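Just below is one structure, and these are the notes that go with it.
The values are calculated or read from the model by the stated rules, or taken from the named source; none is laboratory data. Keep in mind it's a predicted model, so treat the numbers as computed, not measured. Here Cβ is always computed from backbone atoms with ideal geometry, including for glycine, and neighbour counts include all displayed protein chains.
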Amino acid sequence: MSRAASLTPSPWVTRFAPLIAADGEVLDFACGSGRHARWLASKGFRVEAVDRDAVALELLTGTPHLTTREADLEEGPWPYAGRRFDAIVVTNYLFRPRLPLLLTALNHGGVLIYETFMVGNERFGKPSNEAFLLRSHELFERVADACTVLAYEQGEVAEPKPAVIQRICAVKGHNPSLRLP
């Protein structure tokens, strides 16, 4: 993947970002290079980008509307006890034990935008370890009890590179009248 592609936000994220409350507070969880954090901050959202990679986080310093937090998201203490967000964005990351905590950190009516790899991706390279690959329909099943699922997809994609993925957009709480933007 080219450097420009690595800075381009996912179309899944940009498609559902309009559902986030204006001036809302967004958590970009396991933000990596910060492509989504930067983009969301440029749209006026207040963004917290969290990752264990201090060098990547340093590159985000000085971005308006954006704060960073260095944290070990798997072994360290949960950094968001008592915090709530209007939206949580997660891409290309899976650590199952934190998923219930992410849902807890989402405000009622808050938007979860999640996109990551699933079983079958091993044909295309990394990640190939099943610990980092969702099982069929797993993301939907883990989110549906707490949220209204607005959109869900799973399967093979060609862009930005060939992969097998799952993605979901869900709003915390149950509201059957919610509609896509």
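The condition (being under 13 Å from the mean Cα position of the chain (by Cα), of a type in the set (A, V, I, L, M) and modelled with pLDDT of 95 or more) is satisfied by just one residue among Ala87, Ala71: Ala87. Exactly one residue among Thr61, Thr67 is free of Cβ contacts under 8 Å to residues at least 60 places away in the same chain and either outside any loop (DSSP other than H, G, I, E, B) or small (Gly, Ala, Ser) (or both), and that residue is Thr67.
With respect to the conditions (1) out of contact with any helix residue (DSSP H, G or I) (no Cβ under 6 Å at 6 or more places or on another chain); (2) free of Cβ contacts under 8 Å to residues at least 60 places away in the same chain; (3) in a helix (DSSP H, G or I); (4) surrounded by 15 or more Cβ atoms within 10 Å (Cβ to Cβ), Tyr80 lacks only one, and its number is (3). Evaluate the range 52-73: report whether one residue or more is among the β-branched types (Val, Ile, Thr), under 22 Å from Glu138 (Cβ atoms) and surrounded by 18 or more Cβ atoms within 10 Å (Cβ to Cβ). Looking through the range 52-73, none of the residues is among the β-branched types (Val, Ile, Thr), under 22 Å from Glu138 (Cβ atoms) and surrounded by 18 or more Cβ atoms within 10 Å (Cβ to Cβ).
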